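The structure appears right after this line, and notes come after that.
The values are calculated or read from the model by the stated rules, or taken from the named source; none is laboratory data. Everything numeric here is computed off the predicted structure, so don't read it as measured data. So basically every Cβ, Gly included, is an ideal-geometry build from the backbone, and we count neighbours across all protein chains shown. Side chains are part of the model used for accessible areas, which takes the heavy atoms of the whole protein and leaves out ligands, DNA and RNA. Shrake-Rupley method; radii C 1.70, N 1.55, O 1.52, S 1.80 Å.
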Amino acid sequence: MTPEFAGVLPSQDILKLASSGRILSTLPLESRQVQPASLDLRLGRTAWRIRASFLAGQRMTVGERLAEFGMHEIDISAGAVLEKGCVHLVPLMESLALPRGTHAVANAKSSIGRLDVFTRCITDFGTDFDRIEDGYRGPLFAEITPRSFSILVRPRLCLSQIRFRRGQSILDDDELRKLDSEFSLVDGRARIDNGLEFSVDLLPANGEPAGYRARTNAGLLDLGKTDHYEPSEFWEPVYSENGRIILDPGTFYILVSREAVSIPPYCAAEMVPYIAMIGEFRVHYAGFFDPGFGRSAFGGERSRSVLEVRCHEAPFVLEHGQGLGRLVFERMAEIPDVLYGSEIGSSYQGQGLRLSKHFRQIDRQGEPEKSKAMKF
């Protein structure tokens, strides 16, 4: 029998969980769902508009809470609109019967975070968002709150993903420094303090925008369409002045990290925002980095991190090079059979400043090209 190692479970182990009945689904899993270190979760056929976000708590199921806070049921089988500013709950097609010793964490997919769609996973008897306890058996639900744009959804769309873990495998700073010396995690000096620090780039080359700001009265966005929407219908460019911008309260921004990162095939990473004391804003809704992301050692290009930033109560001055968060690295239980990249249809390998895949892109490799500049 193959020994079980601690760490994040790779794609081949995710498939084993499914084949052994540890991951259950109302429809068979699709190959597109299985990522190098995570599984995409599909929306079911029904959504509920709810009065408020909630957790089930230690003594209640999500269904029991829904009886308290549910407002009306929505059939999304033919497509339905989830309105901006409203909280919705959608049962997912996948459910779990995890073995003892295996727990999980969920997160919004990168494309969904870039749309300012606040998506979190909740469970029966759960006391935390996005955290699935060791040995959990039961259904999964997605709480969905579109913040900037109303969205059109259908069954089988994947808005969130789940990562499975055995034990604890987070690298401490000494281990991370050793990994950096062997692999060169960033294109420059790695700043390591409770993880790999990253900062914001507000000095783009050639007069390009430093980022994009969501328009307040944009139209409906169909999540099933890719490379479809004209960016100017939903976004306006943001230009820095002397390497700084002022974030407006209640406004959502797409920015980019100064550092370009590369994730080794035997590690996974998760983006963690800095503590709130550094400023009145939230950074990054979607934080999984798969093995092979930006992998220069395997023929790819390092990739910069796209930052999803929402300012809160007061205007805030953001300056070039300001630290915004860190990457926490974990060991994989095994190297995945497939790595992040174009070979499996990954959307953001080699990226620079980039909107989600739903929009016509500046370019396909990372740095803006004049011939493909967005029209605003």
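When E241, E208 are checked against the criterion of being at pLDDT below 95 and touching a Pro at 6+ places or on another chain (Cβ under 8 Å), E208 stands alone in meeting it. The condition of being over 20 Å from the mean Cα position of the chain (by Cα), surrounded by 15 or more Cβ atoms within 10 Å (Cβ to Cβ) and among the hydroxyl-bearing types (S, T, Y) holds for only one of S169, S199, S181, that being S169. Among the criteria (1) at positive phi; (2) in a loop (DSSP other than H, G, I, E, B); (3) at pLDDT 95 or above, the one G188 does not fulfil is (3). The single condition from (1) under 21 Å from T145 (Cα atoms); (2) in a strand (DSSP E or B); (3) over 20 Å from the mean Cα position of the chain (by Cα) that L24 fails is (1).
When region 75-85 is filtered for residues that are open to solvent by 30 Å² or more (accessible area, probe 1.4 Å) and of a type in the set (A, V, I, L, M, F, W, C), the ones remaining, listed by number, are A78, V81. Taking each residue of region 154-181 that is more than 30 Å from G44 (Cα to Cα) and modelled with pLDDT under 95 and looking for partners that are open to solvent by 40 Å² or more (accessible area, probe 1.4 Å) and of a type in the set (D, E, K, R) with beta-carbon atoms closer than 8 Å, six or more apart or interchain, yields S169/R331.
Residues that are among the β-branched types (V, I, T), part of a loop (DSSP other than H, G, I, E, B) and under 30 Å from A37 (Cα atoms) occur at least once in region 254-271.
Selection within region 93-131: residues that are charged (D, E, K, R) and open to solvent by less than 30 Å² (accessible area, probe 1.4 Å). The member of this set that is farthest from the chain's Cα centre (by Cα) is D124. In a residue-by-residue description of region 59-73, the property of being open to solvent by less than 30 Å² (accessible area, probe 1.4 Å), part of a helix (DSSP H, G or I) and free of Cβ contacts under 8 Å to residues at least 40 places away in the same chain applies to at least one position. Scanning region 223-237 for residues that are part of a strand (DSSP E or B), open to solvent by 10 Å² or more (accessible area, probe 1.4 Å) and either in contact with a helix residue (DSSP H, G or I) (Cβ under 6 Å, 6 or more places away or on another chain) or under 15 Å from R114 (Cβ atoms) (or both) returns a single hit, Y229. If you go through region 290-330 and keep only what is of a type in the set (A, V, I, L, M, F, W, C), more than 19 Å from F252 (Cα to Cα) and at pLDDT 90 or above, you end up with L327, V328, F329. Among the residues making up region 38-57, a single one is part of a loop (DSSP other than H, G, I, E, B), over 30 Å from A333 (Cα atoms) and either of a type in the set (S, T, N, Q) or free of Cβ contacts under 8 Å to residues at least 12 places away in the same chain (or both): S53.
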